[in-house]
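Asks: Handing you a structure now.
Derivation of every value follows stated rules applied to the coordinates shown; laboratory data play no part. Predicted model only: the values in this text are computed from it and were never measured. Cβ: placed from backbone, ideal geometry, glycine included. Neighbour counts: every protein chain shown.
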Amino acid sequence: MFKKILFPTDFSDISKKALEHIKQLKAAGAEEVVALHAIDDRTLIEAGYVDSILEQLKDQSQKSMTDLARELEDAGLRVQTFVRVGVPFAQILAMEKEIGDFSLVVMGSHGKSNILDALMGSVAEKVVRKCKAPILIVKR
Ligand SMILES: Nc1ncnc2c1ncn2[C@@H]1O[C@H](COP(=O)(O)OP(=O)(O)OP(=O)(O)O)[C@@H](O)[C@H]1O
Ligand SMILES: [Mg+2]
């Protein structure tokens, strides 16, 4: 039923919690996970965009993705990982369109900002509004 899962992650504790749920979805028929991290180019521009910063962020993200992939593979799932640069919600929706046949999107209700009063973060909210596949929002 939940054969192919899109997992957008900002590597926050809350998205790690979402990862634990994905592992459990193996029992509900999950076979394959596409993990995506988007490096937000708007923060790069605010930080006075420097190529070396982008390269460092890409390296760090790739390393985190390798660890994450290993964890999911150990749980018996096939994994593809992507690190993209752009506006996170737009990259997530673009990936859904690009790959096309997701049976589920799994993400955290909040991420790195984790604002106390917010029902959910802005990335989660925009993806809930616009994604085509069913979505599982894992609460903090
Ligand atoms: N850059 C990103 N790339 C991929 N997925 C992301 C990214 N940022 C957030 N997500 C996903 O969205 C979930 C919710 O994070 P979100 O960014 O919406 O909340 P927040 O950081 O608390 O608030 P905000 O970003 O609006 O200040 C995360 O748990 C993660 O699954
Ligand atoms: Mg965020």
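Asks: Which order results if I115, I137 are arranged by neighbouring Cβ count within 10 Å, fewest first?
Replies: Numbers: I115 11, I137 16.
So the ranking, lowest neighbour count to highest, is I115, I137.
Asks: Report the FRET efficiency, 1/(1 + (r/R0)^6), for K139 and K26, where r is their Cβ-Cβ distance and R0 is 25 Å, rounded to 0.05.
Replies: Details: r = 21 Å, r/R0 = 0.84.
Once rounded, the FRET efficiency stands at 0.75.
Asks: If you don't mind, another one. Enter the angle in degrees (range 0 to 90, nearest 10) between the Cα long axis of helix 51-74 and the first principal axis of the Cα atoms of the chain, meaning the one along which they spread out most.
Replies: Roughly 10 degrees, rounded to the nearest 10.
Asks: Next question, about the same structure. Ignoring everything except DSSP H segments at least 4 long, calculate the 222 nm mean residue ellipticity for the chain; use -39,500 (n - 2.57) per segment, divide by total residues, nearest 500. Walk me through the numbers before you get to the answer.
Replies: On the way: 5 runs with 63 residues, N = 140.
Rounded to the nearest 500, the figure is -14000 deg cm²/dmol.
Asks: Cα convex hull of the stretch 63-140: how many Å³ per residue? Intermediate values should be presented prior to the final figure.
Replies: On the way: hull volume 9.0 nm³, N = 78.
Hull volume normalised by residue count: 115 Å³.
Asks: Let me ask something additional. So who's got an amide H within less than 5 Å of the one on V33, skipping anything under 5 residues away but keeping other chains? H placed 1.01 Å off N, in plane.
Replies: I5, R78, V79, Q80
Asks: Can you put S52, S64 in order of Cβ neighbours within 10 angstrom, beginning with the fewest?
Replies: On the way: S52 7, S64 17.
In increasing order of surrounding Cβ atoms, one gets S52, S64.
Asks: With the Cα gyration tensor of the stretch 19-73 in hand, convert its eigenvalues to equivalent ellipsoid semi-axes via √(5λ) and list them largest first in whole Å.
Replies: Details: eigenvalues 193, 26, 10 Å².
Semi-axes, largest first: 31, 11, 7 Å.
Asks: Hey, which of these cross-link pairs are over 19 Å Cα-Cα: K58/K139; K17/K97; K58/K132; K112/K139; K16/K112?
Replies: Working: K58/K139 27 Å; K17/K97 25 Å; K58/K132 28 Å; K112/K139 13 Å; K16/K112 11 Å.
The pairs that break the limit, which is 19 Å between Cα atoms, are K58/K139; K17/K97; K58/K132.
Asks: Shifting gears a bit: Can you tell me which of 4-10, 121-127 comes out highest on packing, and rank the rest after it, using the mean Cβ neighbours within 10 Å? Don't jump to the answer; show the numbers that get you there.
Replies: Working: 4-10: 23.0, 121-127: 20.0.
Descending packing order for the listed peptides: 4-10, 121-127.
Asks: Could you work out the relative contact order of the chain, using alpha carbon pairs under 8 angstrom and six or more residues apart, expressed as a whole percent? It would help to have the intermediate numbers written out before the result.
Replies: On the way: 227 pairs, mean separation 48.7, N = 140.
Relative contact order here is 35 percent.
Asks: What are the ³J(HN,Hα) values, in whole Hz, obtained from phi via the Karplus relation 6.51 cos²θ - 1.76 cosθ + 1.60 with θ = phi - 60°, for each residue of the stretch 25-39 in sequence order, with x given for Gly and Pro?
Replies: Running phi through 6.51 cos²θ - 1.76 cosθ + 1.60 with θ = phi - 60° gives 6, 4, 5, 9, x, 5, 10, 9, 10, 10, 9, 10, 10, 10, 7 Hz.
Asks: Additional query: In whole Hz and in residue order, list the ³J(HN,Hα) couplings for the stretch 127-132 that follow from phi through the Karplus curve 6.51 cos²θ - 1.76 cosθ + 1.60, θ = phi - 60°; x for Gly and Pro.
Replies: Using θ = phi - 60°, the values come out as 6, 4, 4, 10, 6, 8 Hz.
Asks: Could I ask something else about it? What translational diffusion coefficient, in µm²/s and rounded to a whole number, does the Stokes-Einstein relation yield for the chain at 37 °C and a viscosity of 0.692 mPa s, taking the hydrodynamic radius as the Kirkwood radius over Cα pairs? Could the numbers behind the result be given before it?
Replies: Values: Rh = 15.2 Å.
Translational D for this selection: 216 µm²/s.
Asks: Now, a different point. If you average the alpha carbon positions of the stretch 78-140 and of the stretch 1-70, how far apart do those two centres end up, in angstrom?
Replies: Here the two parts' Cα centres lie 10 Å apart.
Asks: Further question: For V87, what residues show an amide H to amide H distance below 5 Å, using hydrogens built from the backbone and excluding near sequence neighbours?
Replies: Under 5 Å from the amide H of V87 lie the amide H atoms of D41, each far enough along the sequence or on another chain.
Asks: Any chance you could give the angle, 0 to 90 degrees and rounded to 10, that helix 88-99 forms with the longest Cα principal axis of the chain?
Replies: Helix 88-99 sits at roughly 50 degrees to that axis.
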